[in-house]
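The values are calculated or read from the model by the stated rules, or taken from the named source; none is laboratory data. Keep in mind that what you see is a predicted model, and the values were worked out from it rather than measured. Neighbour counts are summed over all protein chains in view; Cβ atoms, including those assigned to glycine, are modelled from backbone coordinates with ideal geometry. Areas reflect the complete protein model, heavy atoms only, side chains present, ligands, DNA and RNA absent. Shrake-Rupley method; radii C 1.70, N 1.55, O 1.52, S 1.80 Å.
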Amino acid sequence: MSKQPHVGLSLITKAPMGMLITAIIAVIANVLLELNVITLGYAIAGGALSAMLLLAYWLGKGGLFFVLGVSLPLLLVLFTPLAGITALLNLVSGFFFGFCAALVAYKLYQLH
């Protein structure tokens, strides 16, 4: 068991596909509906921060990083201005895009 990679780290290999899927969803939603740049910016930053916190946990830095990383989406929903369902769609797609982007950046960092 100790020689197997952590389950969370296996998400890194799937992150590029996640970026593609969430980008397509965001583009379609923003073409058909309205773009909320502030919400999208908060979401991408929050997703990247959440991924970094969970990476710290997966790399054995402590359980506090897990609690913070998992709690961050709730904080985003509470403190991001959500004027309608479109803003919520921007928040969700942006969060997962930022999360996947941070995992891809970590993968690229590990390759070099």
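A few notes on this one:
- Of the residues screened, L11 is not one that is of a type in the set (A, V, I, L, M, F, W, C), free of Cβ contacts under 8 Å to residues at least 60 places away in the same chain and open to solvent by 30 Å² or more (accessible area, probe 1.4 Å).
- When each of L74, L103, L108, L78 is tested for being modelled with pLDDT of 90 or more and buried (at least 19 other Cβ atoms within 10 Å of the Cβ), the lone residue that passes is L103.
- A single entry from I12, I21 fulfils the requirement of being modelled with pLDDT under 85, among the β-branched types (V, I, T) and closer than 23 Å to K107 by Cα: I12.
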